[in-house]
Structures are given as structure tokens and as C-alpha cells.
Amino acid sequence: MNRFFPLCFGALFCMTIAAQTAPPRVAFTFDDLPAHGPLPPGEFRPEPIRLIIKTLKTEKMPPVYGFVNGFRTAQYPYQTELLREWISSGNPLGSHTWSHPSLDQTSAKKYIENIAENESILRKVDPDGDWHWFRYPFLQEGNTLEKRVAVRDYLLAHHYKVAEVTIDFEDYLWNEPYARCMAKHDDAAVASLEHSYIDVADEFVGVFRTLSQKLYGHDIPYVLLLHVGAFDAHMLPRLIALFRGKGFEFVTLPQAEADPAYAFDPNIGYPNGGTLEELTSAVQKVNFPDNTKPYKELDSMCR
């Protein structure tokens, strides 16, 4: 909460200073429901989502949005039940397009058709839910301004809200090496993956908090991007503990994005996509903080 302390000079002039006492806040979100990435040997497709649901309940997290690609349920109809399990656990759904296309590589018209195609599965599994939240695949909001505006106009006309992201450490990078290392029964490599996942998450929490200070002068409520992969499910308790250890309070996506920072539209074409803070930095000509990611190390693990 904010506490306000009045400072008065003489009888006529008073100033109020807000002492910022609120903890940092973050909303967890998950992309690619109902399935993401390869599985370790012996693990079946329902297990990552069920483990994530169990952890969210155990850790007493607020409702967490999961963003759906409906084509999975067309290929594997049983996965529709995984979406229902997500909802029945108290966690809402949003749209991630039907087939996860790249807006950079397709026309705005075809992309919009892909958004519309996804509505049938969302209506089927969550007829009364607030599923009009949209997450751009690859965080690509338009490599040209024309594409960006066309898609944004469609979303606005159809009552969608954009589920922006303000912390992203590319968590998905760990899922494939995890499956490979589990197949090789390489416990030391798995332990290394566990350490690097938390280390990089820790680094990027700092990166985006630093960027928030540069852009806004304070912490905004953050939105964290995760995926429903097997390694994400495995690491979720430790990731939640990382944020708790840093003093974060967990909030819902609508609570986070009620902050004025999310009302700003950078209104630029931005090839390859990025978080809201990255696009805002580009507009305001603020340098993105230095960072590292173990791309080569992860790609070479357990080959």
C-alpha cells in the first residue's frame, strides 16, 4: 500500500509525499496450452499441465491465465479435457491464436482469421469465462506498423485485451535439453539445467526491474511469460520461491495490467517481437540492460 505523509510550510502551503511501501508484484501466465515441447521418456502429455495446476494450488497462487492454441485439440481431441481441468482448477483461459503463426511471416488478414478460428474451442470449454485476453505468439505484434494497427483494430473491435509481457527469460529454451538429458539418464546434466534455469530467471527479473526504473521510475506490476512444458512444470515451485525470496506479491493478469504502464501503445513496427518494455524502450530510446543467456550451452546439452 501507499502511505501519504503531509509536509506543511507555514499555514497556507502543504505538500503530500507518497512513501512507496508496496512490494513488487507479478502475474504468472502460461502460453501454449494444452501442450508445449517434447516430453522426457515415460512422461505423458497430461502430466505437465496437471503438475502445474497442482503447484499453483499448493503455493496458493491467484488465478493464472493460460493461453490456448486450439489446433492441438483438433489433432488430439482428448487434450480438450486438459483445458477443462485448467478451468475447473480456478485458472482462466485466453487466446494465443489457433495455430501459433508468426505475424512477421504472415499477412494481417490471415493472422486475424487465425485468431477468429481459435474462438470455437474457447467458447466450447469456457462459455462463461473472460477469455477475451490475447497473447501474441513469439510476442510479435507486427513487424510493420500497418500490420500492428490492423491486428490491434481487430482485437479492439472484438473486445479483446492484449496480454502484454513485462518479464521474459525464454523459459522454453530448457524444455528440449531436459527431455534429451532425461532420455540419457544424465542426472548431472539435469542438475545443471536446474541451476541455469533459476540463475537466468534471477538475472532477467533484475534486467526488467532495472528497465522499469529507467522507463517509469519505479517497479510496475509485472507479467511473467512461461510455457506449459515439462521442465517448466518441474521447476515451477523453485521459480515461485525465487520471486517470493525477492519480496514479490502475486497478482492476477487483470490486476497487473490495470496499471497505467499497460495503457501505453508503442505504435511501431518491431521485427522479431518483444516485451512491452522492450518496445517502449525502443520508442523512448532507452538502452536495454546488458544480459546473458546460455543459448549454445543449452543447444549442446546431452546431444
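The values are calculated or read from the model by the stated rules, or taken from the named source; none is laboratory data. None of these values were measured; they are calculated from a predicted model. Neighbour counts are summed over all protein chains in view; Cβ atoms, including those assigned to glycine, are modelled from backbone coordinates with ideal geometry. To get the accessible areas, we keep the full protein, side chains included, count just its heavy atoms, and leave off ligands, DNA and RNA. Shrake-Rupley method; radii C 1.70, N 1.55, O 1.52, S 1.80 Å.
At a 10 angstrom cut-off on C-beta neighbours, averaged per residue, how do the peptides 223-232, 199-208 rank from highest to lowest?
My ranking of the peptides, most packed first, is 223-232, 199-208.
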Q: Quick one: which residues, 5+ away or cross-chain, put their amide H under 5 Å from the amide H of Gly142? H built at 1.01 Å from N.
A: Tyr270
Q) Using a simple charge model, +1 on the beta-carbon of Lys and Arg, -1 on the beta-carbon of Asp and Glu, nothing else, what dipole does region 130-232 show about its Cα centre, in debye to the nearest 20? A) 440 debye
Q | Pairs from Lys57/Lys161; Lys109/Lys293; Lys54/Lys296; Lys60/Lys296; Lys110/Lys161; Lys147/Lys246 whose Cα-Cα separation, in the structure shown, is over 31 Å | A | Lys109/Lys293; Lys54/Lys296; Lys60/Lys296; Lys147/Lys246
Q. Tell me, what % of the accessible area of region 35-107 is carbon and sulfur with a 1.4 angstrom probe?
A. 56 percent
Q) Say R0 is 25 Å: what FRET efficiency, to the nearest 0.05, do Ala263 and Lys124 get from their beta-carbon distance? A) 0.20
Q: Quick one: which residues, 5+ away or cross-chain, put their amide H under 5 Å from the amide H of Asp31? H built at 1.01 Å from N.
A: Phe67, Leu226, His227, Val228
Q | Spherically averaged projected area of the chain from its Cα convex hull (nm²) | A | 18.4 nm²
Q.
Using a probe radius of 1.4 Å on heavy atoms only, what accessible surface per residue do you get for the chain? Whole Å² is fine.
A. 47 Å²
Q. Sorted by average packing, counted as other Cβ atoms within 10 angstrom per residue and highest first, what order do 95-105, 277-287 take?
A. 95-105, 277-287
Q | Label point distance in nm, Ser102-Ala188, each placed 7 Å from Cα along Cα→Cβ | A | 3.7 nm
Q: For region 256-303, with all protein chains present and a 1.4 Å probe, just round the carbon and sulfur fraction of the accessible area to a whole percent.
A: 49 percent
Q: Enumerate the helices in the chain for which the Kyte-Doolittle hydropathy averages 0.5 or more and the C-alpha atoms extend at least 30 Å along the helix's axis, using complete DSSP H runs.
A: none
Q.
Please give the Cα centre distance for region 160-221 versus region 282-303, rounded to the nearest Å.
A. 10 Å
Q) How big is the antiparallel share of DSSP beta bridges in the chain, given as a percent to the nearest 5? A) 30 percent
(Q) Under the rule of at least 5 residues apart or a separate chain, name every residue whose amide H is placed under 5 Å from the amide H of Val223. (A) Ala27, Thr166, Ile167
Q. For region 155-273, what relative contact order do you get, as a whole percent, if you take Cα pairs closer than 8 Å and at least 6 residues apart?
A. 36 percent
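To the nearest 20 debye, what charge dipole does the chain have about its Cα centre, counting +1 at the Cβ of each Lys and Arg and -1 at the Cβ of each Asp and Glu?
320 debye
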Q) Any idea what the relative contact order of the chain is, in percent, if you count C-alpha pairs under 8 Å spaced at least 6 apart? A) 27 percent
**Q.** In sequence order, calculated HN-Hα J values of region 91-107 (Karplus, 6.51, -1.76, 1.60; Hz; x Gly/Pro)
**A.** 9, x, 10, x, 9, 10, 6, 6, 10, 6, x, 8, 5, 4, 10, 9, 7
Q: Go ahead and set up a Gaussian network model of the chain, Cα springs under 10 Å, then flag whichever of Asn114, Asn291, Asn69 fluctuates most.
A: Asn291
Q | Efficiency of FRET from Cβ geometry, Gln75 and Tyr295, R₀ 25 Å, rounded to 0.05 | A | 0.25
Q.
How long are the semi-axes of the equivalent ellipsoid of region 19-136, defined as square roots of 5 times the Cα gyration tensor eigenvalues? Whole Å, largest first.
A. 24, 20, 14
**Q.** For region 125-204, alpha-carbon Rg and Dmax in angstrom
**A.** 18.5, 52
